[in-house]
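The values are calculated or read from the model by the stated rules, or taken from the named source; none is laboratory data. Keep in mind that this is a model prediction, so the values were computed, not measured. Note that we place each Cβ from the backbone using ideal geometry, even for glycine, and neighbour counts take in every protein chain shown. SASA here: full protein model, heavy atoms, side chains in, ligands and nucleic acids out. Shrake-Rupley method; radii C 1.70, N 1.55, O 1.52, S 1.80 Å.
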Amino acid sequence: MTTLHGHDMLKSDYTIKERKADEQVKVQKGRLIKEIIIVLLCMVLGSALIELGANIRSIGKGKQSTVIPGESITLEGFVSEGGGYYLQSGEGVLRCELNGEYLKKLIYDFDSKDLVDAKITVGYDNSMGKEETVTIEDKNPILLTRSVVNIGKKAKWIQISLSNIESGFFIRNIEVSNSFELNKYRVFSSNILILGICLLVIFRKKIGKEIEYGFAIIALALGIVFVISIPTNKIGWDEETHFKRAYEMSLYPGEEQVSSEIAAQFRADTVYNYPYFQPQSYEEKQNLNGLMNYYYQDGDHAVTVKGKLCGVYTPGLVLQALAMKIARAMGMPFDCIFLAGRFAELLLYVFVMFFTIRIIPMGKRVLTFISLTPTSLFLAVTYTYDTVVFCFISLAFAIMMREWLAEKENVNMKRMFLANAFLIIGCLPKAIYAPVALIQTLIPAKRYENKKKRNQMMVVAGIVFLLLLASFVIPQMLNPSAMEDVRGGANVDSGQQMSLILTHPFAYAGIVLKNIWTSFTDYAFAEACYRLLGHLEPAPFRYLIPILVVFLIATDYTEKLNRKINWKQKTGILIFLGMSVVLIWTALYVAFTALGSTSIGGVQGRYYRPLIWMLYLVCSSNFVEIKTSNRQYNRFVLGAGMLVSGITIWRIFHMFCI
C-alpha cells in the first residue's frame, strides 16, 4: 500500500486543478469556435438570401437591358435628333408606352450643362385594377451623364418631364432593365448587420447589465452602414468647409495638386457638390465614385492645395485628417480617402461615447438613447467637428459627475484634471460651451480631501472657463468682420451688431429670451436635435422620439444619487447651461443675423446637443416608477434606439445604394 506524503497530496491537488482549468479552457475554445462558425454561416446564408430576395423578379431575365423603340415614344417639346431627343429650352415631356410587366429600373443617357431636375411619372394598375401614378424626382449630380432610376412597378407607361431648361438637353438610349445584379453595398451591409445582431444575441447577458456594450455594437454596425450609404459628396451641414480643413490638415506639411472637380468639394458656391442633386441608385453612385476617382488621378490638377493646420478647429478634425493621410499614403482612390475620414469620425464617436456611458453614474439610458438617435449618428459619419465637441464635453461632464457622486472615495484630482483636458478639447472648436467648465465648482467641499485641493480645482475651473471664453471673445473684438458668416446676407456687420448689444443690453436680453423661448421645445426635445439629417430629408418618428425622450427623463432615475445633488446645485447647473445657450444665440446674432434684427438666424437644434442631456439629468425625477428589471429596461432603450436609427439608415441606404 502506497502512502501519499503532504507534498505529494498538494501536487496531486494542483494537478487536478490544472486539468480542470485546461478542460475549462478547451470547452471555452470549443464554444468560441462554434459561435464563430455559426456567425459566419449566418452572415453568408443571410446575405445570400437577402440578395436572392432583392433579385427574385430578375431571375432568368439575364443581364441585358432593353432599349425602348422610337415608335413607343411620344414627344412634347422634344424633337428627334441625332439618334436621340433634343429639348432646346423651357419645358418638355417624353412619354414611353410599356406592356405593363414588372420594371425594375429605367435607364437613359443625357447631355446637359444644367443641373438636371427631371420628374419620372410611372403609370401602373393598383391591387384593385385601377390605374395610379407615382412621381419620382430624378436630380442628378452635374458630373453624371447617365441616369438610373429605381421603378419597381408593373409599369404601363413612363413619362420623363423637364422644366426650366436653359442650355439645351439631349436624351438618348432610353432603356428598361430587370437584370440580376450583385450589389456590393447590400452584401457588405447585410453582413455587418447580421454580425451586429449575432453579437447582441451572444452577449445579451452582459449587455443587459452594462448598456454601453449594446450601444457600441449598435452604433458601430448602423454607423458603418451609414458611412457606405451616403454619397461621396456634401450632405452634412457646412461639410464642404470641414472637409476642406480636414483635407488641408491631411496634407500638412506638404501640398497637393488637385483637379478643379476635386477642389470644388471644398466650396459651397459650386454645382459640383450641390447637396440636393445626388446619385439616387446603386449604378449612379458607382458612376459618381468612378468619375471622382478619375478626376483625382487624371484630372487637370490645376488647383494647389497647401497643407496647414486650422487653429482652434484642429482638435475637432485631426482624426479625420489622419485617416485621409493614411488612405492617401496607401494609394487609395479618392472615394476611399473621402470614406476614410468619415469612418474615422465614427470610430472616435463610438469609442468616446462608450466610455462616457460607462463612466456616468446616472442617466446612462437617456445618454444612450440620445447617442443612438438619427442626428447623432448622422453627425458621427459626416465631416464636422460637432462630434468631437459632443463627445469630449460629454466625457468631461461624466467624469465630473462620477467624482461628485462617488460613494466612498474623495474627488480624484488626476481625474478632474483629465476632465478639464477633455473639456478643452471639446470646447476649442466651439468655445460657446465654456460655462460647462464652471459646473465643477458646484461639487461640495466635503467631497475633497482637504480645502487646498478644492481651492485648486476652483482655480482650474476659472482658468479653463476664462481661456475658452477668451478664445471666443478676443478674435471677435480684434477683427469683428472675420467672424461674419456670408450666408447671413449683405446686412451682417459684426462690429456694429456688438455695438448695438452693448448700447441696448436690456433690449437685446429681451430678444435673446424671446428667441430661446419660442424655439425651446423643438430644439430641446423634437426634430431639430434628433431627426434632422443635414441636407437629407428628416428622419421618421416625428412623435415617437420626443415621447421616448420624455419617458426616459421621467423614469431613468437613481434616487440615491439624485439626492446628492440638492436644488441649489441643480439651479447652478441650469444657470451654467443657460449661459451656454445665451452664448450660442449671441454668436449667431453677431455673425449671422442682419443688423438690428429682433429675430436671430442660423441657430440650429444640434447646437443644443452637448447640453440637453445634462438638462435631462437635472430634470429627472421619480414621479414615474418602472417595475421592471434593469436588464429589461436596458434592452428596451437599446431596442428603441436601434428602431429609430435603423429604419432611418435603411431609408437612406435604399435612396443611394439600390
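Observations, loosely collected:
- Put simply, when 393-402, 33-42, 191-200 are sorted by average Cβ atoms within 10 angstrom per residue, most first, you get 393-402, 191-200, 33-42.
- Relative to the longest principal axis of the Cα atoms of the chain, the long axis of helix 386-405 lies at roughly 20 degrees.
- For GLU210, the amide hydrogen comes within under 5 Å of no other amide hydrogen, counting only partners 5 or more places away or on other chains and with H modelled in the peptide plane.
- For the residue pairs LYS209/LYS408; LYS113/LYS285; LYS452/LYS568; LYS20/LYS206; LYS105/LYS130; LYS430/LYS564, the alpha carbons lie more than 27 Å apart in LYS430/LYS564.
- For region 167-298, a/c is not less than 1.5, where a ≥ b ≥ c are the root eigenvalues of the C-alpha gyration tensor, and a/b does not top b/c. That puts it in the oblate class.
- Taking the C-alpha atoms only, the angle from helix 609-619 to the longest principal axis of the chain is near 50 degrees.
- Peptides 463-471, 506-514, 587-595 ordered by average Cβ neighbours within 10 Å, highest first: 587-595, 463-471, 506-514
- Under 15 Å from the Cα of LYS446 - aspartates and glutamates, other chains or at least 8 residues apart: GLU403, GLU407, GLU409
- Segment ILE626-LYS26, length gained on full extension (0.36 nm per residue, minus Cα span): 211.8 nm
- Over the residues of the chain, the helix contribution to mean residue ellipticity at 222 nm works out to -18500 deg cm²/dmol, using -39500 (n - 2.57) for each DSSP H run of at least 4.
- Note that region 427-440 has calculated 3J(HN,Hα) couplings of 8, 4, x, 9, 6, 5, 8, 3, x, 4, 4, 7, 4, 5 Hz, one per residue in order, obtained from phi through the Karplus relation 6.51 cos²θ - 1.76 cosθ + 1.60 (θ = phi - 60°); glycine and proline are x.
- Over all orientations, the chain has a Cα convex hull whose mean projected area works out to 42.6 square nanometres.
- Between the C-alpha center of region 26-92 and that of region 223-263 there is a gap of 28 Å.
- Segments 183-189, 149-155 sorted - mean Cβ within 10 Å per residue, highest first: 149-155, 183-189
- Carbon plus sulfur fraction of accessible area for the chain, probe 1.4 Å, in percent: 61 percent
- Candidate cross-link partners of LYS34 among the lysines, defined by an alpha-carbon separation under 17 Å and a same-chain spacing of 8 or more, comprise LYS26.
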